[in-house]
Every structure is written in C-alpha cells, then in structure tokens.
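Worksheet for the structure shown next.
The values are calculated or read from the model by the stated rules, or taken from the named source; none is laboratory data. Because the structure is a prediction, the values reported are computed rather than measured. Reconstructed Cβ throughout: ideal geometry from the backbone, glycine too, with neighbour counts over all protein chains shown. Side chains are part of the model used for accessible areas, which takes the heavy atoms of the whole protein and leaves out ligands, DNA and RNA. Shrake-Rupley method; radii C 1.70, N 1.55, O 1.52, S 1.80 Å.
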Amino acid sequence: MNALPSESQLLTAIEAIYDAAPNPSLWPQALGVIADCFGDVGALLGWHRDDGSIGTIVSTNLIEAQRDYEESGWTKRDIGAIRASERGYFFNGEPYTNRHVVSKDEIHRDPFFVQFRAQHGLGPFAGVAVSPDPHVGVVLCMQGYAGRSEYSDAELATLSRIGRYVEKSLRLSIRLLDAELAKLGLGDALARIGIGVFALDSLGRVVFSNPAGQRLIGDQLQLVQDRLRIGSGAVRNTIDEVIARTLRGDPRGLMDDPKPVLVQSTGADRRLVVHLLPVAARTSPVEQFLTHTRVIVLAIEQKLDKPADPAVVRDVLGLTLGEARIAALVGAGLPPKEAAERLGIAEDTARNVLKRVFSKVGVSRQSELATLLTKLVLR
C-alpha cells in the first residue's frame, strides 16, 4: 500500500493549487505537486464544455503520453474514461479508480491498457469530478506508475479532499482560460470577467478590484478604509478570521475546508457567494497584480431567479456534488428531463439522483425541494 501524503505535502499542494488560480499557466506545475503527494507519474485536468469543446492540462511528466493519446486516437478507445462517463463519475463528484470502471480481465486484455498505458509506463488511475461551473465538466485524474498498487479507499478520500481545493481555484482559472481572455494580460482579463475579484495585501487592504467587483459594492460588500467588509454577524466574523489567519501565515488559512460562504443581501433580488483564495508569500510576481497579494476574494453574484450555486447547496444540505447539481436545477423549477439535458446525463440518471436527494433532505416533491432551497440557500 502506498503511504498517504503528509500534512506538509498536502500544504505544498494546496499552495500550488491556489497559486494557479489567477495564473493558469501554473496548472502543470500544480498538477505535478499533486501527483507527488501520491508518488504518481503525473496528474491531469480534463474538461468538456456544454458546447462540445474539450481540453486537457497535464503535468510535465505526462506531456508525451498526452500527445500520443490525442494524436493516435486513444481518446475514442479509452475504456476507463468511457466507463467513468457512462457511470456518472464525471458528474457526481465521487472519487473512482480502476476497480470502479473496468475488470481485471479488461486491464490485461484491452488495447488501451496493454498498449497505450503500458507503453508509457502507466498503471492504475484515479479521478474525481471537480467542476465549479454548470457549463464545464472537469475531472482531476491521477496517473500511477506501472506496478503501483491499486488506489486505496483512504487515497481516494485524500484525492476527494484535494479536489475541493482544485474546485475552488478553478472558479477563477476557468474564466481566465476562456479562449478570448487567454490572449490578454492578467489585468485586462480580470477586468472582463463577470465575477468580482478583490486582491488583499499583507495588511488586509484592497490593492486591486475589478469592475465586476466594484459593481457589487453595496449593503453586504463594503469598502471601509481600503478594507473589505463582507456580510454581517457570524458570516463577517468567519470571513475575517480566515483572512486574518492567512495573513498571519497560519497554515490553517490554507488547510481549512474550502467551503464557499453565502452572503445574504438585504435587497430582494440577489445573493453573493464568496470564495477566499489564499496566496502563499512565496509566489513569484509574474504579474503586477500578484506582487503584494496575499488573499484573493471572489464575489459571485447569484440572481434569485437563477439556480443556486451547487457548491453552496452541497455544503448546506450535505449532498454530493452531483446531487447538488440536480437539486439546484430542479429546485429552480426545471423538470428532471431538462436538468439532465443541461448536465449531459441520462434522464433516468437524473431521476435516480433526485430520489436520493429527496431521501437525504426529507422531502417528496419538487415543490418541497424548492421551498427548502428558498429557506436555507436562497432566503
């Protein structure tokens, strides 16, 4: 059995993940650090958008294998990825590995394993869906060495934990990876994205805010003497404490469970979902934006007539990511068939997931689910 990563290794990986949030060119490096946590060859992020486009980012050790994978047509013969997709792992947020999608006989006989993976010295794989965007499916996939033992349940749990940090970091990276924004400098790209971005220095002062963030300044998001005041009461105390720990260099600021914070507006037409991305002091200032930044605050406006953020639904109701995606859409009034179409899954799958949601949260109708979401998430 492979040894689980130490807290020090996890901290290094989390720092690399957050470093990549505003600078997507650092994702190959971050993926390599994640792979080191498991003693693996490498790791990759694979995504597909609802417009049919696909893409992959790989750690350095996987560049040659990924080129062969794409150029030799293995994308259509990757039985592991095909089965994982068919069985909902690209959607549901549950970690998976070989034993969940292929048999031992297939591993010994299927060309994808005996030719492609063997040629590149690859053994077991493991993955977890980490998409923070309803329009983009993303999977974090580990690639083990040939001869490596199967990923244990404990390793899969660790992968799932790391996936939560990746998910939060991608909330910014996905927008910056947009084809048009990728051609711009970081400052220009941040100015054009539709979410609020605030950069805080080591004293907690706002040293950068983009136009979308400036438009959100109001009752629950204020600038007071160059400092952000987010929410009120317990919500403000929670955010202030996380920021303070991070600015003190307290590792807990990085290691905290990366849950989003829901900030209720006193207005009737919106709510804010806030994510805190710590930036390690060792970050090289590739862009002027990062020179003094120690915390990046993402403020995402959620219209009350739109589905709730699945990450918030997941954390508030204790669901899986896949269950939360269905709950958010159905709770907003979409029938299961339309929700399935939006998520790229079969209608039967959506209905089965919805049944699990009903069972977990104690309701029996879509209207009751909508009422529950309104009370707990959208109020």
* Scanning the range 337-358 for residues that are free of Cβ contacts under 8 Å to residues at least 12 places away in the same chain and closer than 16 Å to L321 by Cα, which turns out nearest to the chain's Cα centre (by Cα)? -> A340
* Say whether the condition of being surrounded by 15 or more Cβ atoms within 10 Å (Cβ to Cβ), closer than 24 Å to T12 by Cβ and under 15 Å from the mean Cα position of the chain (by Cα) is met by at least one residue in the range 184-199. => no
* To do: Would you tally the residues in the range 265-291 being modelled with pLDDT of 75 or more and more than 15 Å from Y18 (Cα to Cα)?
  => 4
* Tally, over the range 359-379, of residues that are touching a residue at least 60 places away in the same chain (Cβ under 8 Å) and in a loop (DSSP other than H, G, I, E, B) -> 3
* To do: Please determine, by comparing only the residues of the range 11-45 that are in contact with a Cys (Cβ under 9 Å, 6 or more places away or on another chain) and open to solvent by 10 Å² or more (accessible area, probe 1.4 Å), which one is nearest to I57 (Cα to Cα).
  => L44
* Which one of these is buried (at least 19 other Cβ atoms within 10 Å of the Cβ) and of a type outside the set (A, V, I, L, M, F, W, C): E323, E347? -> E323
* Report whether or not K303 is open to solvent by 30 Å² or more (accessible area, probe 1.4 Å) and farther than 23 Å from I239 by Cα. => no
* Output yes when any residue across the range 60-71 is surrounded by fewer than 17 Cβ atoms within 10 Å (Cβ to Cβ), basic (K, R) and out of contact with any strand residue (DSSP E or B) (no Cβ under 9 Å at 6 or more places or on another chain), and no when none is. => yes
* Structure fact -> Within the range 99-123, the residues that are open to solvent by less than 30 Å² (accessible area, probe 1.4 Å) and within 26 Å of I326 (Cα to Cα) are V101
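Residues checked against (1) touching a residue at least 12 places away in the same chain (Cβ under 8 Å); (2) touching a Leu at 6+ places or on another chain (Cβ under 8 Å):
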residue: V136; (1), (2): yes, no
residue: Y145; (1), (2): yes, yes
residue: R148; (1), (2): yes, no
residue: D153; (1), (2): no, no
residue: A157; (1), (2): yes, no
residue: V166; (1), (2): yes, yes
residue: R175; (1), (2): yes, yes
residue: L181; (1), (2): yes, no
residue: L186; (1), (2): yes, yes
* Structure fact -> Of the residues in the range 326-344, those that are open to solvent by 40 Å² or more (accessible area, probe 1.4 Å) and either at pLDDT 85 or above or not in a helix (DSSP H, G or I) (or both) come to A332, G333, P335, K337, E338, E341, G344
* To do: Tell me which residues, restricted to the range 46-59, are touching a helix residue (DSSP H, G or I) at 6+ places or on another chain (Cβ under 9 Å), outside any strand (DSSP E or B) and open to solvent by 20 Å² or more (accessible area, probe 1.4 Å).
  => D50
